[in-house]
Amino acid sequence: MSLLENLQWRYATKKYDPTKKVAQEDVDKIVEAARLAPTSSGLQQFRVIVITNQELKDKIVPIAWGQEIVAECSHLLVFAAWDRYTEERIDEIYNRTTDERGLPRGRFGSYTDKLKATYLPQSAEENFIHTARQAYIGFGLSIAQAAEQKVDCTPMEGFSTDELDKLLDLKSKGLKSVTMLPLGYRDTEGDWLASMKKVRNPKEEFVLEL
């Protein structure tokens with residue numbers, strides 16, 4: 001199937017069959033799509049946390065406003081972004097880049113100096129607004145890859161980020177949660193949305209041609 005056909009197939013699943021588990025191979029591809037996502041200056045300012053522990057998923061349900069799909073899903077992906085930019089984080093990715101390309105370290109020094117001059121004076125809040133945007137790029141590609149694998153998923157912002165950060169101890173990792181993506185297989189009979197027609201704005205309203 002084409003990408004557009006896959007996107008037509010997918011929807012925000014509202015109920016999962018907890019007896020059906022997603023193969024690790026499929027989960028790996030979904031996460032890999034996020035890892036390969038483009039990010040500003042190639043810094044990969046986010047990480048993906050893969051949760052399969054049922055006890056932990058159960059603890060996240062009240063944090064996610066009582067949404068049982070968090071407990072019912074096969075795998076729960078949490079997309080978390082850097083809490084702020086640091087000199088070390090910027091240098092780390094560019095050192096890796098030069099090392100893997102066989103270039104001398106510091107080859108991109110003039111560019112990384114510009115990045116540091118731009119981001120380091122900003123507040124942590126300003127930094128996080130930018131890093132979170134990068135997480136959404138990977139989030140979108142994971143959703144598309146899940147559709148290609150015919151794995152159901154549910155894009156989620158409906159949860160307390162502060163409580164989830166505390167539960168997962170993200171502060172110690174220099175991260176803050178942005179979105180969650182439950183993965184699994186739809187319970188067609190129990191999901192009220194499964195049989196509903198997909199509705200989007202018509203192209204002539206969605207696309208503005210200037």
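Over all directions, what mean area does the Cα convex hull of the chain project, stated in square nanometres?
Computing the convex hull of the Cα atoms and averaging its projections yields 15.0 nm².
Which percent of the accessible area of region 97-146 is formed by carbon and sulfur heavy atoms (probe 1.4 angstrom)? Heavy-atom surface of region 97-146 belonging to carbon and sulfur, 1.4 Å probe: 53 percent. Distance between the pseudo-spin-label points of Tyr111 and Ser160 (7 Å out from Cα toward the beta carbon): 4.2 nm. For region 99-210, the square roots a ≥ b ≥ c of the C-alpha gyration tensor eigenvalues yield an a/c of 1.5 or more together with a/b exceeding b/c, which makes the shape prolate. In a DSSP loop and with at most 10 other Cβ atoms within 10 Å, the chymotrypsin sites (Phe, Trp or Tyr not before Pro) in region 114-210 are Trp192.
Note: relative contact order over region 67-126, using C-alpha pairs below 8 Å and six or more positions apart, is 38 percent. Computed from the Cβ-Cβ distance with R0 of 35 Å, the FRET efficiency linking Asp99 to Met1 stands at 0.35.
For Ser195 and Arg35, a Förster radius of 41 Å and the Cβ-Cβ distance give a FRET efficiency of 0.75, rounded to the nearest 0.05. Going by a ≥ b ≥ c, the root eigenvalues of the Cα gyration tensor, does region 17-136 fall in the rounded group (a/c under 1.5), the prolate group (a/b larger than b/c) or the oblate group? Oblate, since a/c reaches 1.5 and b/c is not below a/b. Look at the alpha carbon pairs under 8 Å that are at least 6 residues apart: their mean separation over the length of the chain gives a relative contact order of 36 percent.
Of the residues Asn201, Cys153, Tyr136, the one whose Cα sits farthest toward the positive end of the charge dipole of region 57-210, with +1 on the Cβ of Lys and Arg and -1 on the Cβ of Asp and Glu, is Tyr136. For region 147-192, taking Cα atoms only, Rg and Dmax work out to 14.1, 42 Å respectively.
Basic side chains Lys and Arg get +1 at the Cβ, acidic Asp and Glu get -1 at the Cβ, and with that the dipole of region 1-144 about its Cα centre reaches some 220 debye. Shape verdict for region 1-73, please, from the Cα gyration tensor: rounded (a/c under 1.5), prolate (a/b greater than b/c) or oblate. Since a/c reaches 1.5 but b/c is at least a/b, the shape of region 1-73 is classed as oblate. Across region 25-31, computed HN-Hα scalar couplings (Karplus, 6.51 cos²θ - 1.76 cosθ + 1.60, θ = phi - 60°) run 4, 6, 4, 4, 5, 5, 5 Hz from first to last residue, x flagging Gly and Pro.
Of all the options Val151, Val199, Val27, the one that moves most in a Gaussian network model of the chain with Cα springs shorter than 10 angstrom is Val199.
Normalised per residue, the accessible area of the chain is 58 Å², obtained with a 1.4 Å probe and no contribution from ligands, DNA or RNA.
Taking region 46-101, which chymotrypsin sites (Phe, Trp or Tyr not before Pro) meet the DSSP loop condition and have no more than 13 other C-beta atoms within 10 Å?
Trp65
Label-to-label distance, Ala12 versus Leu120, with points set 7 angstrom from Cα along the beta-carbon direction: 4.1 nm. Result for the chain in a Gaussian network model with C-alpha springs under 10 Å: among Pro38, Pro121, Pro62, the largest mean-square fluctuation is at Pro121.
Backbone phi angles across region 141-151, fed through the Karplus curve with coefficients 6.51, -1.76 and 1.60 (θ = phi - 60°), yield HN-Hα couplings of 5, 5, 4, 5, 5, 4, 4, 5, 7, 6, 9 Hz in residue order; Gly and Pro are listed as x. Computed over the alpha carbons of region 62-125, Rg followed by Dmax gives 18.5, 52 Å.
The values are calculated or read from the model by the stated rules, or taken from the named source; none is laboratory data. Nothing here was measured: the structure is a model prediction, and the numbers come from that model. Please note: Cβ atoms are built from the backbone with ideal geometry, for glycine as well, and neighbour counts cover all protein chains shown. What goes into the accessible areas is simple: the full protein's heavy atoms, side chains included, and nothing from ligands, DNA or RNA. Shrake-Rupley method; radii C 1.70, N 1.55, O 1.52, S 1.80 Å.
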